[in-house]
Amino acid sequence: MVKGKTIIVGITGGIAAYKAIALCSKLAQSGAEVHVIMTKSAAKFVTELTLQTITRHPVYTDTFDERDPSVVSHIDLADRADLVVIAPATANAIAKMTYGLADDMLSTTLLATTAPIVVAPAMNVHMYEHPTVVANMETLRKRGVMFVEPGFGQLACGYVGKGRLAEPEEIFAWIESFFARRGRRNEPLKGRSVLVTAGGTIERIDPVRYITNDSSGKMGFAIAEAAHAMGARVHLIAANAAIDPPSGIQVTRVVSAQDMFDAVMRHMAESDIIVKAAAVADYRPVQAALRKIKKSGGELTLHLEKTPDILQEVGARKTTQYVIGFAAETDNLEQYAMDKLRRKNCDLLVANDVTAEGAGFGKDTNIVQIYDRNGLVETLPQMAKSEVAFRLLQFVAGRLAGETD
Ligand code: CTP
């Protein structure tokens, strides 16, 4: 979890600074890129050389000590960090963070970074309980700064109480679990294969005419993009659409319902999640004319036959796949949705009323209801299709992780 992460360890001036050496050592041994920034007072307790040797990176104390002319050090470090750990954090360091002082390398970097920050305080028990320190920590908490609480015990000043820097093992465990939590939150579909169908199929009448529908592909493309962002391997099977498919994912282009059927069946076995957002034609001409049909007489009758129902076949053949169908309706939403879900053996069905303002074909927003076998499980108000996609996949990830079962 920690491997490959860029972690800034800020060391401020307290006797507990010696424990930061063990923390940096554990982080470096676990494969993290550790960059140490020390305050001048910290350098009185531990040496730059020790930390540089452990981390294999230069240690910063002075904002003006610019070693690489191609970058500005405090901005460069601030930008690269995945996490900033302040251990130990003195009462003074906490106060400077609260009020935004930027008078040394560490405080300047703390203002410049957008990375998450965790503070491990260490100080005398009365200082730790002082209303100013308590209020400062509260302000920082409200801004999203996290804390590893100090321990209780013998303090360097002779007192016994709360204020001992948490042990390096404890801070290290906190950091590991932070990255584990973040990994799950950001990439809840990591390791899963997601097959998404999108767009409207085209059924040929003759070389210049066809039957299709109003699908823009936006909903399905948004789902493919969201699944990719959530860590999944994504295969998008795309029929006709008004926009380009998202980049960075595998795309198979298809034209007709039959093409889509064949592509889905070919790739079904390797998929964990199948999302059928495509608007598949229900009927196609029995025979597509090889030559342009010329007009003759007052009426023309086209003979149509049913296309294969891809979702129904997926539902019938599925083994471990989690299958999500879509239903575009104009009335009786719940009844039709539940009927489709059961008939096509889906795990979830996403239904929308295409007549509603802000929903349906071609729009950038949607209003959907999600059903499972037991009925309605989630109603999403009008929101961007990209947001609908994230919310739907978050729900699926939760189900697969057994969180909402
Ligand atoms: N679907 C499919 N293959 C078809 C028709 C539909 O895979 N030949 C899928 C769609 O991708 C969608 C779901 O089935 O996920 C619902 O599509 P819809 O056309 O609304 O369902 P039908 O069962 O055909 O019902 P109706 O047309 O009567 O509303």
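The values are calculated or read from the model by the stated rules, or taken from the named source; none is laboratory data. Just so you know, these numbers come straight off a predicted model, no measurement behind them. In this analysis, Cβ positions are derived from the backbone assuming ideal geometry, glycine residues included, and neighbour counts consider all displayed protein chains.
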**OP:** Can you give me the number of residues within the range 61-104 that are touching a Lys or Arg at 6+ places or on another chain (Cβ under 8 Å), among the polar types (S, T, N, Q) and not in a loop (DSSP other than H, G, I, E, B)?
**Re:** 1
Original post:
Going by the structure shown, is G191 over 30 Å from V255 (Cα atoms) and free of Cβ contacts under 8 Å to residues at least 60 places away in the same chain?
Top reply: no
**OP:** Filter the range 336-357 for residues that are of a type outside the set (K, R) and out of contact with any Asp or Glu (no Cβ under 9 Å at 6 or more places or on another chain) and give the result.
**Re:** M338, D339, N345, V350, A356, E357
Original post:
So Y371 fits all but one of (1) closer than 25 Å to I243 by Cα; (2) under 24 Å from the mean Cα position of the chain (by Cα); (3) within 13 Å of the ligand (Cβ to nearest atom); what number is the exception?
Top reply: (1)
Original post:
Can you pull out the residues in the range 167-181 that are touching a residue at least 60 places away in the same chain (Cβ under 8 Å) and either of a type in the set (A, V, I, L, M, F, W, C) or not assigned by TED's automatic domain parsing to the domain that holds A32 (or both)?
Top reply: I171, F172, I175, F178, F179, A180
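Conditions tested, residue by residue: (1) acidic (D, E); (2) surrounded by fewer than 17 Cβ atoms within 10 Å (Cβ to Cβ).
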| position | (1), (2) |
| --- | --- |
| V323 | no, no |
| Y336 | no, yes |
| T355 | no, yes |
| D364 | yes, yes |
| I370 | no, no |
Original post:
Which pairs have Cβ atoms under 6 Å, sit 6 or more apart or on different chains, and link a residue in the range 264-286 that is farther than 21 Å from S215 by Cβ to one that is small (G, A, S)?
Top reply: E270/S193; S271/S193; D272/S193
Original post:
So, of the residues in the range 255-279 that are farther than 29 Å from P188 by Cα and not hydroxyl-bearing (S, T, Y), which turns out to be nearest to the ligand (Cβ to nearest atom)?
Top reply: A257
Subject >> Long-range neighbours under 9 Å by Cβ, at least six apart or interchain, first residue in a helix (DSSP H, G or I) within the range 41-57, second of a type in the set (D, E) >> reply: T55/E33
Original post:
In the range 353-376, what count of residues is obtained for those that are at positive phi and part of a strand (DSSP E or B)?
Top reply: 1
Subject >> Qualifying residues in the range 294-307 (those that are within 27 Å of M268 (Cα to Cα) and loosely packed, with under 14 Cβ neighbours inside 10 Å) - the one farthest from the chain's Cα centre (by Cα) >> reply: E305
Original post:
What's the number of the condition V234 fails, among (1) within 16 Å of the ligand (Cβ to nearest atom); (2) under 19 Å from A263 (Cβ atoms); (3) of a type outside the set (F, W, Y)?
Top reply: (1)
**OP:** Mind listing whichever residues of the range 121-140 are over 11 Å from I94 (Cβ atoms), touching a strand residue (DSSP E or B) at 6+ places or on another chain (Cβ under 9 Å) and not β-branched (V, I, T)?
**Re:** N124, H126, E129
Original post:
Inside the range 212-263, can you point out the residues that are without any contact (Cβ under 8 Å) to a residue 24 or more places away in the chain, within 24 Å of A288 (Cβ to Cβ) and β-branched (V, I, T)?
Top reply: T252
Original post:
Restricting to the range 16-37, what's the tally of residues that are free of Cβ contacts under 8 Å to residues at least 24 places away in the same chain and within 21 Å of T63 (Cβ to Cβ)?
Top reply: 0
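How about the range 275-293: which of its residues are of a type outside the set (A, V, I, L, M, F, W, C) and under 30 Å from the mean Cα position of the chain (by Cα)?
K276
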Subject >> Scan of the range 289-345 for residues that are within 11 Å of the ligand (Cβ to nearest atom), part of a helix (DSSP H, G or I) and touching a residue at least 40 places away in the same chain (Cβ under 8 Å), ordered by number >> reply: I310, E313, V314
